[in-house]
Amino acid sequence: MELLGNSYFALFVIIALGFIVGRIKVFGLSLDVSAVIFVALVFGHFGVVIPKDFQYLGLVLFIFTIGIQAGPGFFESFKKEGRQLAGFASLLIVLASVITVLIISVFKIDPNIAVGLLTGSLTSTPGLAAAIDYTGSPLASIGYGVGYPFGVIGVILFIRFLPKILGTSIAKAEEEHLAVLKDEFPEVVKRNFVVENENVVGKTIGELRIRFMTKAVVSRVVHDGVAVTPTPKTLLLKGDLIKAVGTEEALKNVELLIGPQTEQEISIDAKYDVRTVLVTNKEVVNKTVGQINLLNTYGATITRIRRAGINIVPSPGSKLQFGDKLMIAGSRANMDMVSKIFGNDQKRLSDTDILPVALGIILGVLVGKISIAMGTFSFSLGLTGGVLVVALVLSRIGKTGPILWTMTGAANQLVRQFGLLLFLAAVGTGAGQKIVETFNQYGIELFLYGGAITIFPMIVAGILGKYFFKMNILTLLGAISGSMTSTPGLAAADSMTDTNAHSIAYATVYPVAMVLLIICVQLITMFF
């Protein structure tokens with residue numbers, strides 16, 4: 001068909017058909033967006049080719065947005081139990097890579113196909129991008145296409161049956177997780193107290209250092225029936241009421257310091273206001289609550305920060321992030337000005353600033369070209385590694401001058417999927433030209449090799465996760481899904497529990513697994 005000779009037309013035909021095929025479910029399973037590469041393989045076999053410019057454009061957009069999203073989780077993963085999870089992910093990836101090396105050495109499989117099998121078996125499109133970048137061969141895409149189906153199905157089935165295989169209870173694991181979660185992220189509540197402690201009567205809030213002593217925030221003080229926003233100079237007199245915000249432990253400290261709790265309501269004065277404000281002003285991002293100094297300037301207090309679904313009691317050292325929701329109490333006359341300081345612009349959350357994306361990709365390409373000599377070998381991050389590393393670092397930095405390196409979730413998702421579609425369509429058509437020749441040469445054995453790379457590392461990791469790492473089964477399910485970079489695996493775990501333990505583990509290990517897999521792909525291509 002003549003129209004298919006037009007690369008733009010062919011590109012969107014492949015994408016559209018890929019989405020249609022991806023939505024077809026067999027036994028409740030579907031390929032989703034990954035079906036695009038299989039449609040592209042068919043088109044490529046019949047001579048349709050998408051130019052490589054689309055491939056590289058899609059690659060850098062996809063990898064950059066992955067890095068921007070994963071950056072904070074990648075660096076945070078090395079705190080607390082994250083180091084254990086990072087070790088778990090490393091074990092699984094190294095096992096899969098060792099099996100791949102054995103397949104190359106023993107069965108004499110083309111290394112370019114083998115690294116594709118590795119990335120497909122671990123359902124890692126960033127890994128495939130790295131494999132293509134480092135090998136420059138379309139055979140990697142064929143290996144990916146062969147390994148991917150079992151990579152999807154195998155992980156889902158393994159996740160579904162692992163609790164039964166290990167003889168563990170999901171319900172008991174949920175109880176254990178909720179108990180730990182309550183200790184780590186105690187609920188933020190508010191209560192009213194009566195000033196009765198003689199040791200505090202006649203002293204100012206500044207003298208008492210209430211925030212430092214109790215870890216709670218005093219948001220209101222009522223004297224003679226009038227509610228005011230407290231300042232360090234606010235005097236506490238016997239019988240005054242105060243409203244404090246904090247954890248249960250913090251509020252117990254307030255009771256010990258100030259006086260007993262009271263059920264008496266503190267009505268909001270006509271001159272007083274409590275408002276939720278969004279942080280959308282670049283000027284305040286990365287600044288601390290203490291640096292903004294609302295209390296002295298506007299007589300207002302930040303009583304709560306809501307970030308990523310968690311309520312945080314602010315301290316003077318708390319740094320603000322783009323998209324934070326602040327609960328602010330203060331004078332009604334000043335509240336509009338306070339809102340402007342933070343931006344409070346809902347529309348800004350959905351805007352996409354392309355400049356940081358362009359600058360980040362430029363930096364990534366330049367970093368990827370830096371070559372380091374290692375004896376007879378030279379090592380470089382390459383296009384994929386350079387863009388990924390720069391994105392991870394920039395995401396961690398968050399802001400440089402007026403430039404915000406973060407992206408809203410909606411913007412990141414849109415750019416990432418657009419890049420992914422371009423990449424899959426281009427590499428698929430390139431690989432499709434050699435797919436029949438490859439199957440004629442290797443036959444069914446490629447599927448068996450891909451299955452081995454998928455299932456054996458998960459079996460070993462599952463056993464070690466329970467008996468050596470002593471993981472909660474929910475954490476183990478998320479860690480396996482993240483280490484296999486399997487979103488369908490995460491979805492399977494999600495349907496088994498109402499908690500988010502698996503999601504936390506997935507978010508922690510996914511960036512570690514993704515980076516390590518890219519490194520392993522490069523090492524395999526270097527030595528073979």
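The values are calculated or read from the model by the stated rules, or taken from the named source; none is laboratory data. All values reported here derive from a predicted model rather than from experimental measurement. No Cβ is skipped: glycine too gets one built from the backbone with ideal geometry, and neighbour counts run over all protein chains shown. Side chains included, ligands, DNA and RNA excluded: accessible areas come from the protein's heavy atoms. Shrake-Rupley method; radii C 1.70, N 1.55, O 1.52, S 1.80 Å.
Assorted remarks:
- Placing R0 at 22 angstrom, the Cβ-Cβ distance between LYS252 and LYS470 gives a FRET efficiency of 0.10 after rounding to 0.05.
- Between THR168 and HIS45, full extension at 0.36 nm per residue minus the direct alpha carbon distance yields a gain of 39.5 nm.
- In a simple Cβ point-charge model (Lys, Arg +1; Asp, Glu -1; nothing else charged), the range 199-239 has a dipole of about 160 debye relative to its Cα centre.
- Extending 7 Å from Cα along the Cβ direction at SER315 and again at LYS52 yields two label points whose distance is 5.4 nm.
- Solvent exposure of LYS215, expressed as accessible area, is near 130 Å², computed with a probe of 1.4 Å over the protein chains only.
- Loop-located trypsin sites (Lys or Arg not before Pro) in the range 77-170 whose Cβ has at most 14 other Cβ within 10 Å (DSSP): LYS79, LYS80, LYS108
- Modelled FRET efficiency - R0 41 Å, VAL98 with VAL436, Cβ distances, 0.05 increments: 0.85
- Model label sites at SER90 and THR276, defined 7 Å from Cα along the beta-carbon direction, differ in position by 4.1 nm.
- Extended-chain gain in nm, criterion 0.36 nm per residue less alpha-carbon gap, ILE463 and LEU4: 160.2 nm
- Fully extending the segment from LYS287 to PHE456 would add 56.1 nm, taking 0.36 nm per residue of separation and subtracting the current Cα-Cα distance.
- Distance between the 7 Å Cα→Cβ label points at LEU359 and LYS233: 4.1 nm.
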